[in-house]
Amino acid sequence: MYERRDILTCEGLGIALREARRVAGLSQHDAAALAGTTRPTISSAERGQGGLSVRTLLSLLDAYGCALRIGAHREDEAHLSVLSDAVSATPLVPRCPATR
């Protein structure tokens, strides 16, 4: 099972993506085919080099059976969490000021 983690850097995202791909039992080549991208794109993302489009990130997470949740890390900062479907589905609710 893949556990919830806070991701605050490109390097952290890369580590999480690599772990999620491995837990899903996929090679970089297979993941690229499922997500409609290339193996070098997967490799670059897993090394934390950034440049991954949101569309490709969401496609990869879907291929890995994971979801992206965005929530408040601190009152003035946002963070990203990669969660497996097997993890509690309790949503993260950001603390945002009310808009008028």
Candidate set: segment 59-76, residues that are surrounded by 15 or more Cβ atoms within 10 Å (Cβ to Cβ) and not in a strand (DSSP E or B); chosen: the one nearest to the chain's Cα centre (by Cα): 61
Where a residue in segment 52-66 is polar (S, T, N, Q) and its partner, wherever it lies, is open to solvent by 20 Å² or more (accessible area, probe 1.4 Å) and assigned to a helix (DSSP H, G or I), with Cβ under 8 Å and at least six apart: 56/41; 59/34
Segment 28-63: number of residues that are hydroxyl-bearing (Ser, Thr, Tyr) and either over 15 Å from residue 13 (Cβ atoms) or in contact with a Lys or Arg (Cβ under 6 Å, 6 or more places away or on another chain) (or both): 2
Matching residues in segment 8-35 - criterion: being closer than 14 Å to residue 61 by Cα and in contact with a helix residue (DSSP H, G or I) (Cβ under 6 Å, 6 or more places away or on another chain): 14, 17, 18, 20, 21, 24, 28, 31, 32, 34, 35
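The values are calculated or read from the model by the stated rules, or taken from the named source; none is laboratory data. Fair warning: this is a prediction, and the values are worked out from it, not measured in the lab. Neighbour counts are summed over all protein chains in view; Cβ atoms, including those assigned to glycine, are modelled from backbone coordinates with ideal geometry. Note: areas computed on protein heavy atoms with side chains; ligands, DNA, RNA excluded. Shrake-Rupley method; radii C 1.70, N 1.55, O 1.52, S 1.80 Å.
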